[in-house]
Amino acid sequence: MNPIPVNTPLLNGNELQYLTQCIETGWISSEGPFITQFEAQLSNYVGRKHGIAVSNGSAALDIAVKALNIGPGDEVIMPAFTIISPAQSVVSAGALPVLVDSDALTWNMDVNQIEAKITPQTKAILVVHIYGLPVDLDPILDLAQKYKLKVIEDAAEMHGQTYKGKMCGSFGDISIFSFYPNKHITTGEGGMLLTNDSELAERCKKLRNLCFEPNGPRFVHHELGWNYRMTNLQAALGLAQLEQIDHFIQKKRAMGAAYHKGLSPLQAKGYKLPLEKTEYSENIYWIFGLVAPSPEEKERMVNLLAENKIGTRPFFWCMHEQPVFQKMGLFKNESYPVAEKLARNGFYIPSGLGLTDADQQTVIECLS
């Protein structure tokens with residue numbers, strides 16, 4: 001039996017053609033025409049004025065936080081259940097992440113808990129869309145307006161997803177995407193910031209490029225930034241991927257429908273499958289996650305799949321339970337029961353765009 005990895009990208013468009021152009025012309029570094037093309041086409045697709053390509057999604061978050069002047073003394077409200085990158089960017093800036101629990105149905109941050117966490121020190125709300133369904137954004141945007149807060153939209157997993165018919169990545173002051181190989185479109189590694197604010201866009205460009213002064217003198221710096229540039233090779237890959245985004249979304253949703261049909265009997269055993277849709281969005285299935293009835297059952301099922309050479313990944317671990325943050329004295333005596341249950345009982349199964357129908361059926365049969 002051939003192994004079935006948890007993710008396989010699909011690279012069957014113009015990727016090879018565009019990468020060959022990079023090599024033949026010598027444009028392989030962070031200077032090159034594919035970068036500006038990719039920035040323009042993604043920002044146009046999402047409906048933003050400016051796109052700033054960077055080396056990865058975590059880099060995009062670092063830049064977003066610093067570009068909005070978030071620093072010591074500031075608080076940023078964000079979900080307890082997420083990858084560590086958003087919290088890392090906030091902590092690295094000297095600010096304090098303030099956590100909210102998850103919604104049990106969508107697995108996103110519970111928007112009803114946000115207002116109670118707002119204090120005079122709150123500077124921003126960092127929205128992270130989780131696994132395939134977007135956060136309910138309207139209540140967050142209303143709170144941001146009411147309390148004069150900034151909004152960072154982490155749409156790393158949401159390429160092509162919409163909220164009430166409007167593209168994810170088009171909300172808030174600034175948004176970010178990731179292009180890791182398990183995303184709907186990939187550049188290998190890579191990320192992008194999107195914004196409608198021209199001054200903010202220029203600041204992001206400066207921060208990604210070691211804060212070189214646009215009009216010189218070169219190698220004289222008045223501020224610290226990062227070398228977070230994307231290469232022309234990565235952008236070439238991303239452009240070819242973006243050309244296929246509609247097909248990719250269709251394939252992901254078909255994959256989700258097949259899993260729902262094949263795995264529905266698991267619900268009688270206490271498993272929870274991803275919510276198929278909400279009143280504001282239809283699931284895009286960045287990954288297809290399962291929440292087992294207990295940690296022991298999760299371990300049993302993951303081991304069974306591994307024995308059959310089928311890859312899985314655990315769900316994100318909660319921010320308040322991260323050892324690195326506990327060592328810093330953060331989140332003492334805090335508890336987020338819904339997020340904790342997701343982290344302990346959740347895992348996802350092969351969900352990549354390269355997954356074949358036959359392999360998906362093998363996964364379903366193994367889980368049944």
Restricting attention to the stretch 203-249, which residues are free of Cβ contacts under 8 Å to residues at least 12 places away in the same chain and in a helix (DSSP H, G or I)?
-> His247
Of the residues in the stretch 250-286, how many are open to solvent by 20 Å² or more (accessible area, probe 1.4 Å) and in a helix (DSSP H, G or I)?
-> 14
Checking Ile125 against (1) surrounded by fewer than 22 Cβ atoms within 10 Å (Cβ to Cβ); (2) over 26 Å from Ala40 (Cα atoms), which test does it fail?
-> (1)
Hey, among the residues in the stretch 229-243 that are open to solvent by 30 Å² or more (accessible area, probe 1.4 Å) and of a type in the set (S, T, N, Q), which one's farthest from Cys211 (Cα to Cα)?
-> Gln234
Quick one: which strands (runs of 3 or more DSSP E) sit completely within the stretch 1-105 and have at least 2 residues that are over 30 Å from Asn333 (Cα atoms)?
-> 50-54
Find all pairs meeting these conditions: Cβ atoms under 6 angstrom apart; at least six residues apart or on different chains; first residue within the stretch 18-42 and under 22 Å from Phe177 (Cα atoms); second residue outside any helix (DSSP H, G or I) and open to solvent by 60 Å² or more (accessible area, probe 1.4 Å).
-> Ser30/Arg229
Residue hits (the stretch 296-342; open to solvent by 80 Å² or more (accessible area, probe 1.4 Å), among the polar types (S, T, N, Q) and in contact (Cβ under 8 Å) with a residue 60 or more places away in the chain) are none
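The values are calculated or read from the model by the stated rules, or taken from the named source; none is laboratory data. Quick caveat, the model's predicted, so the values are computed rather than measured. No Cβ is skipped: glycine too gets one built from the backbone with ideal geometry, and neighbour counts run over all protein chains shown. Heads up: the accessible areas ignore ligands, DNA and RNA and are worked out on the full protein's heavy atoms, side chains in. Shrake-Rupley method; radii C 1.70, N 1.55, O 1.52, S 1.80 Å.
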